[in-house]
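The values are calculated or read from the model by the stated rules, or taken from the named source; none is laboratory data. Being a predicted model, the structure only gives us computed values, none of them experimental. FYI the Cβ positions are ideal-geometry reconstructions off the backbone, even for glycines, and counts take in every protein chain you see. Only protein heavy atoms, including side chains, enter the accessible area calculation; ligands, DNA and RNA are left aside. Shrake-Rupley method; radii C 1.70, N 1.55, O 1.52, S 1.80 Å.
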Amino acid sequence: MAPSSSLPQVYPSHAVVAVWEWQDGLGIWHPYSATVCSFIEQQFVRQRGQHFGLGSLAHSIPLGQADPSLAPYIIDLPSWTQFRQDTGTMRSVRRHLFSQNSAPGQGIVWEWLGDDGSWIAYEARICDFLEQQVARGIQVVDLAPLGYNYTVNYATLTQTNKISSFCRSVRRQVGPAYPVTSDIAVPRQTGLICFCQQCLHGSGTGPVSGRYRHSMTNLPAYPAPQAPHRTSTASGTHQAFAPYNKPSLSGARSAPRLNTTNPWGAAPPAPGSQSLFHSSLSHLGPQLLPSGPATSSGASCASFPSGPSSSSPGSAPTTVPVQMPKPSRVQQALAGMTKGVPRPEPEQVIRKYTEELKVAPEEDCIICMEKLSVASGYSDVTDSKALGPMVVGRLTKCSHAFHLLCLLAMYCNGNKDGSLQCPSCKAIYGEKTGTQPWGKMEVFRFHMSLPGHEDCGTILIVYNIPHGIQGPEHPSPGKPFTARGFPRQCYLPDSPQGRKVLELLKVAWKRRLIFTVGTSSTTGETDTVVWNEIHHKTEMDRNVTGHGYPDPNYLQNVLAELAAQGVTEDCLEQR
């Protein structure tokens with residue numbers, strides 16, 4: 001009799017076997033190899049007791065440490081997903097427990113032959129079911145009890161679709177046993193236990209059993225990407241830049257949405273990696289540390305007027321000590337945590353980098369698309385006493401002309417950090433900063449060479465950003481943001497040019513230009529940490545996707561991308 005998923009799984013000892021699996025786009029589960037599962041289980045047990053939540057460390061498992069061919073993949077434990085760094089693709093993962101005398105415990109894996117000639121492993125519970133049935137002398141095993149419309153013939157080693165009668169070859173492989181663990185589910189759970197987050201959330205008593213508990217529809221719903229507030233449109237030989245989605249001039253305009261940010265989150269741990277050299281950059285120094293109470297005691301006094309029946313004319317107000325609660329994470333994030341850091345007035349920034357023109361040129365303002373000789377197209381939504389709607393000026397270095405009110409609207413929609421970027425030629429005035437959340441950048445070196453750079457070692461950069469709360473400069477202030485796939489590992493050759501790129505990346509990190517909070521272009525997820533126009537190599541030994549080596553033009557390309565963000569060799573001389 002075939003085992004039923006409703007029957008309790010009895011373990012003869014406190015030690016069981018753990019199998020980790022991932023789910024493809026068709027809802028089919030695939031086990032990782034025994035070696036990879038051993039690595040995942042080791043990391044999972046080590047991090048098991050730690051807190052997952054907003055501001056906590058980004059508990060991720062880089063699979064490339066167990067299998068180099070899986071270098072792009074990371075398991076994100078808080079969300080129970082497998083994340084691919086170069087494409088952003090996310091897949092559900094789960095953890096199953098089996099007895100030590102089961103098929104996974106003996107290293108037995110059943111596989112079927114795919115259309116491309118590759119062998120694909122059945123999910124672990126099917127392998128165990130097949131092994132049990134064959135041990136009982138059953139030659140033709142029906143997989144219907146496990147929810148599959150197939151039969152497997154042990155004598156002919158074929159799988160047959162019961163509807164189409166299509167046959168595939170199957171085989172039985174014996175390899176390393178899957179890892180033994182003592183981290184077992186609570187006794188009242190029955191069936192093949194799954195510890196994925198969907199099951200834990202879907203049951204009030206713990207993990208859930210049954211094939212149909214998982215579905216891709218249970219993954220987080222990611223809205224379709226929306227148009228950003230800053231849009232670019234082609235206009236002749238220029239690039240038109242609008243500080244927000246500008247309505248037609250015939251209709252009423254809505255007020256601009258101001259996007260600002262400040263990082264928040266706990267410091268991530270240093271990854272346990274062997275290295276010859278190690279350095280660490282914490283993000284932005286003390287000005288972004290959470291602000292504490294105004295006094296060491298945490299209490300302050302507030303004055304309240306006395307009531308009419310208890311006070312006489314001229315009496316002093318009663319002083320009542322009031323315990324002030326510690327600001328919440330949302331309050332601290334929205335406060336910006338930049339108290340004491342003076343910010344210039346927006347009008348002062350515009351005046352600093354422009355000179356006013358007495359006669360407006362006969363051309364269009366590429367921000368509002370109106371003639372420079374008429375009023376700014378943003379005069380009804382941007383209020384300024386210092387800059388009138390007809391005032392026209394040009395930037396001092398590149399000489400491109402705009403309505404100064406349009407430049408003001410563009411500036412107020414950014415970080416308001418005292419820097420300005422020409423919307424036409426992208427020339428940067430001042431020191432440009434970004435909206436990267438709080439995190440940690442670490443650098444390691446080892447002797448292995450990258451393809452195309454066999455004459456030197458390798459620099460490993462590890463970025464770690466935790467989940468947190470969006471600050472006033474982010475798209476949705478006060479709302480949580482996710483940080484998928486961290487820590488992220490990137491590679492540079494340890495050559496003179498590679499070391500120069502590294503130093504410039506450190507500058508870009510301090511200026512919060514490496515990442516930003518926005519919408520993922522690959523998954524459509526909003527309010528998540530994404531790359532910010534400075535490309536990184538996330539693979540070492542292949543360049544199938546364009547994110548690995550060899551790539552003879554990469555170092556020159558990334559130097560150009562850094563320069564476009566205002567990060568050049570001049571920055572290194574100033575340090």
For GLY546, only one of the following conditions fails: (1) over 30 Å from ILE469 (Cα atoms); (2) at pLDDT 90 or above; (3) open to solvent by less than 50 Å² (accessible area, probe 1.4 Å). What is its number?
(2)
May I ask you to list pairs of residues, at least six apart or on different chains, whose Cβ atoms are under 6 Å apart, with the first in segment 484-512 being closer than 23 Å to ILE74 by Cβ and the second being assigned to a strand (DSSP E or B) and of a type in the set (Asp, Glu)?
ARG484/ASP76
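Each row is one residue, and each column tells you yes or no for (1) open to solvent by 10 Å² or more (accessible area, probe 1.4 Å); (2) farther than 24 Å from GLU362 by Cα.
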position: SER376; (1), (2): no, no
position: VAL381; (1), (2): yes, yes
position: SER384; (1), (2): yes, yes
position: VAL391; (1), (2): yes, no
position: LYS397; (1), (2): yes, no
position: LEU407; (1), (2): no, no
position: ASP417; (1), (2): yes, yes
List pairs: first in segment 546-563 and in a helix (DSSP H, G or I), second β-branched (Val, Ile, Thr) and open to solvent by less than 30 Å² (accessible area, probe 1.4 Å), Cβ under 7 Å, 6+ apart or cross-chain?
LEU555/VAL501; VAL558/VAL501; VAL558/ILE534; LEU559/VAL501; GLU561/ILE534; LEU562/ILE534
If I filter segment 488-507 down to residues being farther than 12 Å from ILE459 by Cα and surrounded by 24 or more Cβ atoms within 10 Å (Cβ to Cβ), which single residue comes out as nearest to the chain's Cα centre (by Cα)?
ARG488
The correct count of residues that are charged (D, E, K, R) and under 38 Å from the mean Cα position of the chain (by Cα) in segment 343-358 is 5
Conditions: (1) within 16 Å of VAL558 (Cβ to Cβ); (2) of a type outside the set (D, E, K, R); (3) buried (at least 24 other Cβ atoms within 10 Å of the Cβ). HIS453 meets all but one. Number of the miss?
(3)
Being out of contact with any Cys (no Cβ under 8 Å at 6 or more places or on another chain) and either among the aromatic types (Phe, Trp, Tyr) or open to solvent by 30 Å² or more (accessible area, probe 1.4 Å) (or both) is true for just one of GLN565, GLN470, GLN556. Which residue is that?
GLN556
Being among the hydrophobic types (A, V, I, L, M, F, W, C) and within 24 Å of HIS59 (Cα to Cα), is that true of even one residue in segment 420-436?
no
Can you find a residue in segment 422-443 that is in contact (Cβ under 8 Å) with a residue 60 or more places away in the chain, over 27 Å from PRO477 (Cβ atoms) and of a type in the set (A, V, I, L, M)?
yes
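Can you name the residue in segment 348-370 that is of a type outside the set (A, V, I, L, M, F, W, C) and in a loop (DSSP other than H, G, I, E, B) and is also most open to solvent (accessible area, probe 1.4 Å) among such residues?
Within segment 348-370, the match that is most open to solvent (accessible area, probe 1.4 Å) is LYS358.
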Please pick out the residue among GLY137, GLY147, GLY64, GLY117 that is closer than 30 Å to TYR549 by Cβ, surrounded by fewer than 18 Cβ atoms within 10 Å (Cβ to Cβ) and out of contact with any Ser or Thr (no Cβ under 7 Å at 6 or more places or on another chain).
GLY117
Restricting attention to segment 488-504, does a residue exist that is within 21 Å of HIS447 (Cβ to Cβ), touching a His at 6+ places or on another chain (Cβ under 7 Å) and either modelled with pLDDT under 95 or not polar (S, T, N, Q) (or both)?
yes
